[in-house]
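Scroll down for the structure; my scribbles are underneath it.
The values are calculated or read from the model by the stated rules, or taken from the named source; none is laboratory data. All figures in this text were calculated on a predicted structure; none of them were measured in a lab. Cβ placement follows ideal geometry from the backbone for every residue including glycine, while neighbour counts extend to all protein chains displayed. Ligands, DNA and RNA are excluded from the accessible area calculation, which covers all protein heavy atoms including side chains. Shrake-Rupley method; radii C 1.70, N 1.55, O 1.52, S 1.80 Å.
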Amino acid sequence: MATELRCPDSMPCHNQQVNSASTQNPEPQQAGDLILAHPGGNSDSAATLTLLSGHAHSSVPAELDPQASGGATFNSENNGGTGNYDAPASDSLLGDCEISRQIGAQLKLLPMNDQIRELQTIIRDKTASRGDFMFSADRLIRLVVEEGLNQLPYEECMVTTPTGYKYEGVKFEKGNCGVSIMRSGEAMEQGLRDCCRSIRIGKILIQSDEETQRAKVYYAKFPPDIYRRKVLLMYPILSTGNTVIEAVKVLIEHGVQPSVIILLSLFSTPHGAKSIIQEFPEITILTTEVHPVAPTHFGQKYFGTD
């Protein structure tokens, strides 16, 4: 994967506050994602789903109420995990081909194996201890970050080994940064720093306005030259996609092109991924699973506020 933007990673960060109110019902912060499955298709978005894994899961999950297709309620962390949301009666679980047709090649899944499946299982298990949960979450985050780095451009280089041998290898092209969507996105920051010690990481705080219930950007902090950089946008749980859409709009206002944004997430619903790519067709989404039900307790359990 190649991009054109290049810039040294030596610029300081600056603080900036931004206010906007354009998206209805943002994804709840603190990993509170509204669970929605969307059956509608867009014939213009037909494309091949890039599956780095075997397939996207579309079977009825154990935690989904058997009456979900007729208007089941799902818990969200928007109100401490107590909020209920009704799924429209017309919603249905999407098969792999339908996901492929609706979303397209911008969605990339990690190669599925038993290790990743176990980590997903522990994260979804309500009986898992917080220690096991955090350990599994950090491992899964690291795998996503590593694959995200594979999506960035490299350049060839020559090094000399201790025996004097000339070795032809590769190195990162300069000009990368991370941006976390607070607060659940902050859980992914350490995983990125473990892989890239000196990488710059910005932050965006988006919350729902109590009166209008619209997404409102309260705070944004980026490297001043972020418009020259490739951006790893971090948000672990995608459901409606509204929070990410608002965050990308802020990045665009700062000169970042959607084509250089790679969204790193752990879990996504078909509706969330589709909404983001319909709004920004050039963005890349990297996740481990596309499933109608996302683990909305993620942020609260990770930070110990459940």
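Take every DSSP beta bridge whose two residues both sit in the range 108-202; close to 70 percent of them are antiparallel. In sequence order, the range 115-122 has phi-based couplings of 5, 5, 4, 5, 4, 4, 5, 5 Hz under the Karplus curve 6.51 cos²θ - 1.76 cosθ + 1.60, θ = phi - 60°, and Gly or Pro positions carry x. Summarising the amide proton neighbourhood of Tyr219: residues at separation of 5 or more, or on other chains, whose placed amide H is nearer than 5 Å comprise Val18, Leu205. Pairs of alpha carbons in the range 92-303 separated by more than 29 Å make up 27% of all such pairs. Annotation: the antiparallel percentage among DSSP beta bridges lying fully within the range 92-303 is about 35. On a per residue basis, the range 92-303 carries 40 Å² of accessible surface, using protein heavy atoms and a 1.4 Å probe.
With the contact rule set at Cα under 8 Å and sequence spacing of 6 or more, what percent relative contact order holds for the range 92-303?
That works out to 23 percent.
Ranked by the mean number of other Cβ atoms within 10 Å of their residues, highest first, the peptides 279-287, 170-178 come out as 279-287, 170-178. Pairs of lysine residues in the range 92-303 that meet both criteria, 8 or more places apart or on different chains and Cα atoms under 25 Å apart, total 28. Near Leu263, the amide H atoms lying under 5 Å from its own belong to Leu233, Thr284, Ile285, Leu286; only residues 5 or more places off or on other chains count, and H is placed 1.01 Å from N.
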